[in-house]
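S.K.: First the structure, which I've put down as structure tokens, then a few questions once you've had a look.
The values are calculated or read from the model by the stated rules, or taken from the named source; none is laboratory data. This one's a predicted model, so the numbers in the text were calculated from it and none came from an experiment. Don't worry about glycine lacking a Cβ; one is built from the backbone with ideal geometry, like all the others, and counts go over all protein chains shown. The protein model used for the area step is the full one, side chains on, heavy atoms only, and it has no ligands, DNA or RNA in it. Shrake-Rupley method; radii C 1.70, N 1.55, O 1.52, S 1.80 Å.
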Amino acid sequence: MEPVPHIEGLNRRFGIADTAQVVAGKGGLPVVRITSPAAHAEVSLYGAQVLSWQPAGAEEAIFVSERSHWEPGVPIRGGIPVCFPWFGNKADDPKAPKHGFARTREWRLDSLCADDDGSVTLVCLTSNDDSTRPWWPHDFLLAYRIRIAQTLRLELSVVNRGAGPFRFEEALHTYFRVGRVQQACVRGLDGVAYLDKTDGFREKRKSGDLLIAGQTDNAYMDTEGPIEIVDSSLQRRLRTDKLHSCSTVVWNPWHDGAATLSDFGENEWQSMLCVEAGNVMRGAVTLAPGEEHMLRATISVLPQ
Ligand code: TA6
């Protein structure tokens, strides 16, 4: 991690008066802070991780743990981690960083623009280098376009810059903030087959809304449609519309799972629910040389 002068340089180059600044966030990590008539948001360049998004007139939609670590090499607990090029543990290497290396790299800020409609869009880039090749020997470019407005639009593009094809998994591991997870349910997964990680990845199928009543770690397959968290305690719905995403992961560690994670505060598990748009497990994507794949998630906060 480079010292603060690097952050000041980014702010001089990209900052937009009264609307968007690059500042030193927790742990000195660079953060783009956006305050526009449409929304307030924060995006850490470390991991290109959205940390906060609060559309005008609504409460904060994103959860970040009060016990999160804020240091290079360690994932931030909360926000919207970008998982790439594998999801969870790497199948052929148990020592590889969980959820890939994208979430623990500082990304390059490529552009930051404000539009007349009050939206602000930033583009962050990262690509292969000597630190990624030992884990994954492919040449790639990741371009992440984040549009902050009354809705939050996330577009993750993967480009194959190598000479041969590669296969990857990806997910936008969104930690939604909920009032009380026990009073939330997930709608849009009715009848969809899923792999239950809490039960040895056994394949199951459930009908109706998903009530969160215990540790939940399900990877739903073939889910192209919108998914909603219905949060009765905050009386709102958190909706994710997806494009080019065939899987959705739903995760809450519940009391016992959170207790094993040092970066979760006491009872914080009740205030979060991850609903993750992605392409994981048998939904992994194969890209030929020169090809590009774009995953889009558009998030909105709606009345219940
Ligand atoms: O998305 C669900 C999951 O893969 C869970 O299995 C759980 O471990 C979670 O992600 C958090 O992973 P992390 O590496 O951030 O602790």
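S.K.: Given points 7 Å out from each Cα along the Cα-Cβ axis, report the THR35 to GLN235 separation in nanometres with one decimal.
M.R.: 2.8
S.K.: With every protein chain left in place, what is the accessible area per residue of segment 50-187 in square angstrom, probe 1.4 Å?
M.R.: 40
S.K.: Shifting gears a bit: Let me have the relative contact order for the chain, percent, based on Cα pairs under 8 Å that are six or more residues apart.
M.R.: So the answer I get is 17 percent.
S.K.: With a 1.4 Å probe and every protein chain left in place, work out the accessible area per residue of segment 192-250 in Å², rounded to a whole number.
M.R.: I get 45 Å² per residue for this part.
S.K.: If I model a spin label as a point 7 Å beyond the Cα along the Cα-Cβ vector, how far apart are those points for ARG187 and GLU8 in nm?
M.R.: Modelled inter-label distance: 5.1 nm.
S.K.: Could I ask something else about it? Just the number, please: carbon plus sulfur as a percent of the accessible area of segment 182-284, 1.4 Å probe, no ligands or DNA/RNA counted.
M.R.: 47
S.K.: Then there's this: About its Cα centre, how strong a charge dipole does the chain have in debye, to the nearest 20, once Lys and Arg get +1 and Asp and Glu get -1 at the Cβ?
M.R.: Charge dipole of the chain: 200 debye, to the nearest 20.
S.K.: Rounded to two decimals, what ratio of Rg to Rh does the chain give with C-alpha atoms and a Kirkwood Rh?
M.R.: Result for the chain is an Rg/Rh of 0.94.
S.K.: Towards the positive end of the charge dipole of the chain, with charges on Cβ (+1 Lys, Arg; -1 Asp, Glu), say which of GLY88, GLY191, PHE176 has the farthest Cα.
M.R.: Of the candidates, GLY191 comes out farthest on the positive side.
S.K.: Now a separate question. What distance in nm separates the two pseudo spin-label positions at HIS293 and ARG108, each 7 Å out from Cα along the beta-carbon direction?
M.R.: Each label point lies 7 Å from its Cα, and together they span 2.4 nm.
S.K.: Mind counting lysine pairs for me in segment 4-303? Cα separation below 17 Å, and the two need to be 8 or more apart along the chain or on different chains.
M.R.: Lysine pairs, 8 or more places apart or on different chains, close enough: 4.
S.K.: In nm, what is the difference between 0.36 nm times the number of residues separating LEU302 and GLN150 and their Cα-Cα distance?
M.R.: Using 0.36 nm per residue and subtracting the Cα-Cα distance, I get 53.7 nm.
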